[in-house]
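*Asks:* Attaching a single structure in structure tokens format; questions to follow.
What follows draws every value from the coordinates through simple rules; no lab data is involved. Note that the structure is a prediction, hence the values are computed from the model and not measured. Note that we place each Cβ from the backbone using ideal geometry, even for glycine, and neighbour counts take in every protein chain shown.
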Amino acid sequence: MQQAKKKYSPLNTLMKADTKWKEVKKNKAFYIMLVVPMIMLAIFSYGPMYGILIAFKDFSPGLGIWGSPWNGFEHFTRMFDDFLFLRALRNTIIISLLKIIISFPAPIIFALLLNEVRQMNFKKVTQSISYLPHFMSWVILSSMIVEVFSPERGIVNFFITLFGVEPIHFLASKSAFIPILIGTDIWKEIGYAAIIYLATMSSIDPGLYEAAEMDGANRFHKMIHITIPSIMPMIIVLFILRLGSMLNAGFDQVLNLYNPMVYEVADIIDTYVYRAGLEQFQLDYATAVGLFKNIIGVLLIVGSNAIIRKRSEHGIW
């Protein structure tokens, strides 16, 4: 009891505060470096958040945000009565789930395989080639993809026609569009995403591998029992963040690749908001849809982190 009182005494609290202040003074250079990013974050990220008021108003540019009349939750009610929104929500969930199931493990597997390569020159060349597409915008990559799958000029259809099959318009096919979407997403991001896992693997104590070798473990055993458990905290953190962006199915990619022929399977929330807000100028309704998406994202992050924290000691917080 006396130990508990001593632990939570005001004097002990003051001593902890003094220790923290000394740490701040010791690392003041790092805190000063944080000033500019924090100011930019406040101005460009948190400052404009007052604009979410538009979601609860019948917005008129002439009246402004504050002058426009309130309409309560009318836009949110309309959202769930709109077939096009429900279709976009369904497509977003399907595409996101497929990307989590297929695209998320891809860089992990690639990093594990690349970590086993002993020829350093081959490893560096492979890694450089793999993360090069990440630095290219979807505007450029989509034009390349359109040419590759073009029914008139595409190399894919060229080989198909060699077997006597009629050319296929892949990007206008509902059955082919989603596989192309997932495949090109992996192609673009696999190398860059693998860098995080390779960096984590480089910090693993080599003594663990040496001890495993002495016990007769082969390379596969070392990967399963040492490498994967060592990078598991990073995998969990990135998985939670990926779940939080469940309703982000890849706006740039879909916008540059889809067309009205595949709206039924390819139209997602972000492209729906784009059309409603910028093409139809329904800024208040588009804001309501965007706010709904962000709230769901926050709930997914908090919920998934809480579930994982109950099952293990890893998590974001």
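*Asks:* Cut-off 10 angstrom, C-alpha nodes, Gaussian network model of the chain. Which of ALA42, ALA199, ALA288 fluctuates the most?
*Replies:* Largest GNM mean-square fluctuation: ALA42.
*Asks:* Then there is this: Loop-only trypsin sites (Lys or Arg not before Pro) in the range 111-159, please: DSSP not H, G, I, E or B, and at most 16 other Cβ atoms within 10 Å.
*Replies:* ARG118, ARG153
*Asks:* Which of HIS134, HIS75 comes first, and how do the rest follow, when ranked by fewest Cβ neighbours within 10 Å?
*Replies:* Fewest to most other Cβ atoms nearby, the residues stand as HIS134, HIS75.
*Asks:* Here is a further query. Cβ under 15 Å from GLY67's Cβ, GLY67 left aside: what net charge do those residues give with Lys, Arg +1 and Asp, Glu -1?
*Replies:* Taking every other residue near GLY67 into account, the sum is -1.
*Asks:* In which sequence would ASP58, ASP81 go, from the one with the fewest C-beta neighbours within 10 Å to the one with the most?
*Replies:* Arranged by neighbour count, lowest to highest, ASP58, ASP81 become ASP81, ASP58.
*Asks:* Follow-up question, since we're still on this one. Considering the dipole of the range 73-311 built from charges on the beta carbon (Lys and Arg +1, Asp and Glu -1) around the Cα centre, which of GLN280, ALA194, LEU247 is farthest to its positive end?
*Replies:* Positive-most Cα among the choices belongs to ALA194.
*Asks:* Further question on the same structure: Where in the range 53-89 are there chymotrypsin sites (Phe, Trp or Tyr not before Pro) that are in a DSSP coil and have at most 16 other Cβ atoms within 10 angstrom of their Cβ?
*Replies:* Qualifying residues, ordered by number: PHE73.
*Asks:* Which of these values of semi-axes √(5λ) of the Cα gyration tensor in Å was calculated from the structure shown: (1) 40, 36, 18; (2) 38, 20, 18; (3) 34, 28, 18?
*Replies:* Among (1) 40, 36, 18; (2) 38, 20, 18; (3) 34, 28, 18, the one derived from this structure is (1).
*Asks:* Which cross-chain or sequence-distant (5 or more) residues have an amide H under 5 Å from the amide H of LYS57, H modelled 1.01 Å from N in plane?
*Replies:* ASN71
*Asks:* Just want the ordering: THR126, THR92, from fewest to most Cβ atoms lying within 10 Å of their own Cβ.
*Replies:* Final ranking by Cβ density, sparse to dense: THR126, THR92.
*Asks:* If you plug each phi of the range 97-104 into the Karplus form 6.51 cos²θ - 1.76 cosθ + 1.60 with θ = phi - 60°, what whole-Hz ³J(HN,Hα) values come out, in order, with x for Gly and Pro?
*Replies:* Per-residue couplings from phi come out as 4, 5, 5, 5, 6, 9, 6, 5 Hz.
*Asks:* Each residue of the range 259-270 in turn: what ³J(HN,Hα) in whole Hz from Karplus with 6.51, -1.76, 1.60 and θ = phi - 60°, glycine and Pro shown as x?
*Replies:* Karplus values, whole Hz, x for Gly and Pro: 8, x, 5, 10, 3, 4, 10, 10, 5, 10, 4, 5.
*Asks:* Does the range 179-284 classify as rounded, prolate or oblate by the C-alpha gyration tensor (a ≥ b ≥ c root eigenvalues; a/c under 1.5 gives rounded; else a/b over b/c gives prolate, otherwise oblate)?
*Replies:* Because a/c hits 1.5 or more and a/b exceeds b/c, the range 179-284 counts as prolate.
*Asks:* Considering only Cα-Cα distances, which of the following residue pairs are longer than 28 Å: LYS124/LYS222; LYS174/LYS293; LYS99/LYS174; LYS123/LYS310?
*Replies:* In this structure, LYS123/LYS310 exceed 28 Å between Cα atoms.
*Asks:* Please report, in debye to the nearest 20, how large the charge dipole of the chain is about its Cα centre when each Lys and Arg carries +1 at its beta carbon and each Asp and Glu carries -1 there.
*Replies:* 1620 debye
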